[in-house]
1. Please go through (1) part of a helix (DSSP H, G or I); (2) aliphatic (A, V, I, L, M); (3) touching a residue at least 12 places away in the same chain (Cβ under 8 Å); (4) open to solvent by 50 Å² or more (accessible area, probe 1.4 Å) for ALA41 and return the number of the only condition it doesn't satisfy.
2. Provide a single number: the residues in segment 44-89 that are over 29 Å from LEU21 (Cβ atoms), among the aliphatic types (A, V, I, L, M) and open to solvent by 90 Å² or more (accessible area, probe 1.4 Å).
3. Among the residues of segment 28-38, which ones are open to solvent by less than 80 Å² (accessible area, probe 1.4 Å) and either in contact with a Pro (Cβ under 7 Å, 6 or more places away or on another chain) or touching a residue at least 12 places away in the same chain (Cβ under 8 Å) (or both)?
4. GLY19: at pLDDT 90 or above, open to solvent by less than 90 Å² (accessible area, probe 1.4 Å) and part of a helix (DSSP H, G or I), yes or no?
Amino acid sequence: MNKVIYMSFLAVSAIVLGGFLGGVVDGAAGLSFLSYAKTFAFNPGTIDLGIFSFTFGVSLSINISQILLIIIAIIVYYNTAPKLFTPKK
């Protein structure tokens, strides 16, 4: 359970920091490629039940810096998790 929490923390940290980094280097001369993003979206759909109306839509945007930081987070996890979570004897 602790390994799952640790990996989740690393992944969420990589996504947040990658989004921040992508926004910071957006106008930089040599690093602007890190801010290149691709958006995947499902257009909103509406369900009208007379009394209630529901609208559903999902959008996911990921940039190059987030992908690089997720790869780094996976490498960090595999190098540090065995040392942090050793079985007790």
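1. Condition not satisfied by ALA41: (1).
2. 2
3. Of all residues in segment 28-38, those open to solvent by less than 80 Å² (accessible area, probe 1.4 Å) come to 28, 30, 32, 34-35, 37.
LEU34, SER35, ALA37 - these are the residues of segment 28-38 that are open to solvent by less than 80 Å² (accessible area, probe 1.4 Å) and either in contact with a Pro (Cβ under 7 Å, 6 or more places away or on another chain) or touching a residue at least 12 places away in the same chain (Cβ under 8 Å) (or both).
4. Answer is yes for this residue.
The values are calculated or read from the model by the stated rules, or taken from the named source; none is laboratory data. Since the model is a prediction, treat every value here as computed from it, not as a measurement. When we count neighbours, we look across all protein chains shown, and the Cβ atoms used for this are built from the backbone with ideal geometry, even at glycine. When the accessible area is computed, the model is the full protein with side chains, heavy atoms only, and any ligands, DNA or RNA have been set aside. Shrake-Rupley method; radii C 1.70, N 1.55, O 1.52, S 1.80 Å.
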